[in-house]
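A.B. asks: One structure, pasted below without further comment.
The values are calculated or read from the model by the stated rules, or taken from the named source; none is laboratory data. These numbers were taken from a predicted model, which means no experiment stands behind them. Methodologically, a virtual Cβ is constructed for each residue, glycine included, from the backbone with ideal geometry; neighbour enumeration extends over all protein chains shown. Keep in mind that these areas ignore ligands, DNA and RNA; they rest on the heavy atoms of the full protein, side chains included. Shrake-Rupley method; radii C 1.70, N 1.55, O 1.52, S 1.80 Å.
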Amino acid sequence: MIKFWELYENGDWVKPFLILSISLFIAASFILYLLIIRSRSKNIRKDRLRIEYSTFIEKFMFALVFQDTPFSSIKEDKDYEEFSKTSFFREVLMDSIINLHKNYEGIYAKKLEQFYKDSGLINDSFKKLRSLKWEIKCKGITELAELNVAESFGSIMKVSKARNKTLKITALNACIKLAGIKGIEHLTEHQHPIDDWTQLNIIHAFKKHDIGDIKGVELLLESKNTTVVILGLKLIKELKLSQKLPYVTQLAAVAPNIQVKYIAQDVLQTLTV
């Protein structure tokens with residue numbers, strides 16, 4: 001300890017220490033500068049490619065959707081064959097299809113859905129669905145639901161039981177879009193509480209997708225999970241399902257607790273006035 005103190009008082013260490021510190025600072029600054037330049041160059045290149053890809057995609061998508069050009073003809077295009085091998089092009093193409101599908105219905109939407117399958121983009125979505133990263137899994141779920149891939153319902157329903165709230169809400173919304181009320185019937189056996197934010201998102205999904213078939217919503221009222229029962233009551237109230245009043249009346253008479261009884265009575269009052 002005495003030797004260290006003598007060395008400290010001597011001051012011979014100061015100059016080498018300063019030289020080393022300055023050298024490390026300059027080296028770190030230079031490395032950081034190179035990383036920034038590399039990141040900036042990569043973003044510029046991606047922006048340039050996005051513009052190039054978008055222009056190309058617009059042309060062949062217009063031919064595919066509005067001019068009845070078969071996918072086999074597009075597939076033989078040399079540019080498409082080359083571009084489709086890159087993941088970034090497929091990402092831009094996926095975004096374009098999703099945006100178009102949101103704005104078109106009927107035969108045009110069906111053509112987009114068919115191209116989504118023929119081009120193999122559906123496999124990309126299923127791959128995302130199997131990802132261990134929740135944000136990538138959410139993207140895959142959104143793509144499959146938007147393009148009405150019914151065969152993905154079972155896998156998405158399993159994901160809806162996840163603990164991650166964002167992932168859970170995304171999966172439940174997708175289940176509702178794909179299967180209506182059947183997309184949440186499994187909640188009757190749900191053991192964990194469903195918070196108010198999740199309930200609001202489920203109700204919003206029903207309103208957004210304009211679900212016509214609401215047969216089975218009364219099953220939620222039979223759940224042993226109080227929050228699921230409350231969700232069922234809120235759906236009946238918000239969607240104005242007056243045909244479900246007998247079930248609400250029966251529940252109000254034998255409510256398991258005061259909270260459920262109060263909400264059931266409120267639903268009855270709202271829908272009978």
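A.B. asks: Convert 25 °C to kelvin, take the viscosity as 0.890 mPa s, use the Kirkwood radius over C-alpha pairs of the chain as Rh, and evaluate the Stokes-Einstein diffusion coefficient in µm²/s, rounded to a whole number.
C.D. replies: Reported coefficient: 106 µm²/s.
A.B. asks: Continuing with the same structure: Pairs of alpha-carbon atoms within less than 8 angstrom and 6+ residues apart define the contacts here; what relative contact order does the range 119-273 have, in percent?
C.D. replies: Normalised by residue count, the contact order of the range 119-273 is 15 percent.
A.B. asks: A follow-up question, please. In whole Hz and in residue order, list the ³J(HN,Hα) couplings for the range 26-38 that follow from phi through the Karplus curve 6.51 cos²θ - 1.76 cosθ + 1.60, θ = phi - 60°; x for Gly and Pro.
C.D. replies: Coupling constants for the range 26-38: 5, 5, 5, 5, 5, 4, 4, 4, 5, 5, 5, 4, 5 Hz.
A.B. asks: Ok, one more. How are the C-alpha pair distances of the range 97-220 spread across 5 Å bins, as whole percents from the shortest bin up?
C.D. replies: The distribution over the range 97-220 is 2, 11, 21, 23, 20, 13, 7, 3, 0, given as percents.
A.B. asks: Looking only at GluC sites (Glu not before Pro) in DSSP loops with at most 13 other Cβ atoms within 10 Å, what is the longest site-free stretch of the chain?
C.D. replies: On the way: sites that count: GLU76, GLU105.
For GluC sites (Glu not before Pro) (loop position, at most 13 other Cβ atoms within 10 Å), the longest site-free span of the chain is 106-273.
A.B. asks: Right, another one. Among SER41, SER54, SER29, which one moves the most in a GNM of the chain with springs linking Cα atoms closer than 10 Å?
C.D. replies: The residue with the greatest mean-square fluctuation here is SER29.
A.B. asks: Now for a separate question. Could you provide, to the nearest whole Å², the per residue accessible area of the chain with probe 1.4 Å?
C.D. replies: Roughly 64 Å² per residue, with all protein chains present.
A.B. asks: Over the chain, what relative contact order in percent results from Cα pairs under 8 Å that are six or more residues apart? Show your work: numbers first, answer last.
C.D. replies: Working: 231 pairs, mean separation 24.0, N = 273.
After rounding, I find 9 percent.
A.B. asks: For the range 16-114, what class follows from the C-alpha gyration tensor (a ≥ b ≥ c being the square roots of its eigenvalues): rounded when a/c is under 1.5, otherwise prolate if a/b is larger than b/c, else oblate?
C.D. replies: Judged from the Cα gyration tensor, the range 16-114 comes out prolate (a/c at least 1.5, a/b above b/c).
A.B. asks: Any idea which of SER29, GLY216, PHE206 is furthest toward the positive side of the dipole for the chain, if Lys and Arg beta-carbons carry +1 and Asp and Glu beta-carbons -1?
C.D. replies: Final value for the positive-end residue is SER29.
A.B. asks: Under 16 Å from a point 7 Å along the Cα-to-Cβ line of THR249: which residues of the range 257-273 have their amide N that close?
C.D. replies: Residues 264-273 fall inside that zone.
A.B. asks: Separate question: Normalised radius of gyration for the range 191-273, please: alpha carbon Rg relative to 2.2 N^0.38 Å, two decimal places.
C.D. replies: Values: Rg = 11.9 Å, N = 83, 2.2 N^0.38 = 11.8 Å.
Normalised Cα radius of gyration, the range 191-273: 1.01.
A.B. asks: Sticking with this one: Return the sequence-ordered ³J(HN,Hα) values of the range 125-141 in whole Hz as given by the Karplus equation 6.51 cos²θ - 1.76 cosθ + 1.60 applied to θ = phi - 60°, using x for Gly and Pro.
C.D. replies: Ordered by residue, 3J(HN,Hα) equals 5, 5, 5, 5, 4, 8, 5, 7, 8, 5, 5, 6, 4, 4, 5, x, 4 Hz.
A.B. asks: Please report the carbon-and-sulfur percent of the accessible area for the chain; probe 1.4 Å, protein heavy atoms only, DNA, RNA and ligands left out.
C.D. replies: On the chain, the fraction of accessible area on carbon and sulfur atoms equals 58 percent.
A.B. asks: Can you find, among ALA255, LEU178, THR55, the residue sitting farthest towards the positive end of the charge dipole of the chain, where Lys and Arg contribute +1 and Asp and Glu -1 at Cβ?
C.D. replies: The Cα lying farthest towards the positive end belongs to ALA255.
A.B. asks: Multiply the residue separation of HIS209 and LYS78 by 0.36 nm, subtract the distance between their alpha-carbon atoms, and state the gained length in nm to one decimal.
C.D. replies: Gain in length upon complete extension: 43.3 nm.
A.B. asks: Take every Cα pair under 8 Å in the range 184-272 that's 6+ residues apart, average their separations, divide by the length, and report that relative contact order as a whole percent.
C.D. replies: 28 percent.
A.B. asks: Let me ask something else. Express in nm, to one decimal, how much length is gained between GLN191 and SER54 on full extension, taking 0.36 nm for each residue of separation and deducting their alpha carbon distance.
C.D. replies: Gain in length upon complete extension: 44.7 nm.
A.B. asks: Karplus couplings for the range 192-206 from phi (6.51 cos²θ - 1.76 cosθ + 1.60, θ = phi - 60°), rounded to Hz, Gly and Pro as x?
C.D. replies: Along the range 192-206, the couplings run 8, x, 9, 5, 4, 5, 5, 4, 4, 5, 5, 4, 4, 4, 5 Hz.
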